[in-house]
1. Let me check against my output: what whole-number percent is the relative contact order of the stretch 122-192, with C-alpha pairs under 8 Å and at least 6 apart?
2. So in the stretch 21-257, what percent of DSSP beta bridges are antiparallel if you round to the nearest 5?
3. Distance from the Cα centre of the stretch 13-87 to that of the stretch 225-286, in angstrom?
4. Compute the signed sum of charges (Lys and Arg +1, Asp and Glu -1) over the other residues within less than 12 Å, Cβ to Cβ, of residue 182.
5. Give me 159, 244, 261, 27 ranked fewest to most by other Cβ atoms within 10 Å of their Cβ, as a rough exposure proxy.
6. With each pseudo-label sitting 7 Å past Cα toward Cβ, what's the residue 281-residue 261 distance in nm, one decimal?
7. With a 10 Å cut-off between alpha carbons and a GNM built on the chain, which of 105, 97, 274 moves the most?
8. Charges at C-beta only: +1 for Lys and Arg, -1 for Asp and Glu. How large is the resulting dipole of the chain about its Cα centre, in Debye rounded to 20?
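Taken together, the values in this text are just the output of simple stated rules run on the coordinates, not laboratory data. Values in this document were obtained by computation on a predicted structure and should not be read as measured data. Using ideal geometry, Cβ is built from the backbone for each residue, glycine included, and neighbour counts are taken over all protein chains shown.
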Amino acid sequence: MSTEVVKLKPGSYKTDLKPVWCPGCGDFGVLNALYRAMAQLQLEPWNTVVLSGIGCSSRLPGYVATYGFNSVHGRALTLATGVKIARPETIVIAVGGDGDGMAIGGNHFMHACRRNLDVTYILMDNEIYGLTKGQTAPTTPTGDKTKSSFYGNPEPAVDPVELAISTGATFVARGFSGDMKTLTNLIVQAIQHRGFAFVNVMSPCVTFRGESQYGILKEKLRLVPEDHDPTDRLAALAFTREKDVLTTGILYNVDEPSLVDRIAHVRELAKAQGPEPTVKDILQTFFPSF
Ligand SMILES: Cc1ncc(C[n+]2csc(CCOP(=O)(O)OP(=O)(O)O)c2C)c(N)n1
Ligand code: SF4
Ligand SMILES: [Mg+2]
């Protein structure tokens, strides 16, 4: 009997759900790059989970034929932490928007970076809250008018790439949803990285930031210089908050023990102590009369 190995194609990862994003939304580019990256790596859908919070971008898990969960606002990385710790062999991909990841989920982002959690996090940065109809986000450039800052955003913006490098992520890249080839390659390398891999994707919201965003961003984009040393943290940081320039590519990439590596011995010690405790056993340590 011969066993035929079926080769998965980008389309193999599509679900029957059709994306409800506005025509021209940058998130289509991110989804397609993810399908291509998954096919390139031949990711096993039964061994992969895609998790998100809430937002237009956070609808993405519904369009990917793996395990997945569209959870609550700002909590993609808390779920990712739980799944990866419980099932270290699973490929965990968290996705979401700039509001989800930098505002309500900002705290979780910082700690996922610091822990060097072994997951890939793709942030679709449209510099706005899209789902709730156009309010200012932490990434909205200073001075830009939005539905909630009619006279121009008075706040300084955060650069998620700078935050990721500063707080301990070991793979940090920036991509553009309009550059499919580079983005696919960045996602492939992020998934292959052992540790917290962060890809900040400039992904225009044509409805609340305007169609001109593609042109505005394209003007600013340039590929990271070939002679950049991605292990040089200060050099990587220099590519953040650049004036009128957005450098794309892998800015930072180092090899450090991931959280999964750091707790491997704990797992072994626990196993050596006998059968795993039940939920009741655990509760009884807090409430002896339970
Ligand atoms: C606890 C909580 N607070 C606020 C909201 C409302 N809310 C839903 S999505 C969102 C922001 C979405 O922006 P972003 O994460 O950037 O995603 P986008 O829609 O731009 O892709 C907000 C504030 C919510 N759902 N839950
Ligand atoms: S509102 Fe913006 S982010 Fe949401 S689907 Fe439409 S274009 Fe995309
Ligand atoms: Mg957004």
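1. Details: 70 pairs, mean separation 11.6, N = 71.
After rounding, I find 16 percent.
2. Details: 6 of 35 bridges.
Looking only at bridges with both residues in the stretch 21-257, the antiparallel portion is about 15 percent.
3. First find each Cα centre; the distance between them is then 20 Å.
4. Values: positive: 36, 174, 181, 222; negative: 179.
In short, +3.
5. Numbers: 159 22, 244 6, 261 14, 27 27.
Ranked by crowding around the Cβ, least crowded first: 244, 261, 159, 27.
6. Label-label distance for residue 281 and residue 261, simple model: 3.0 nm.
7. 274
8. On the way: 28 positive and 29 negative charges, 129 e Å.
I would put it at about 620 debye.
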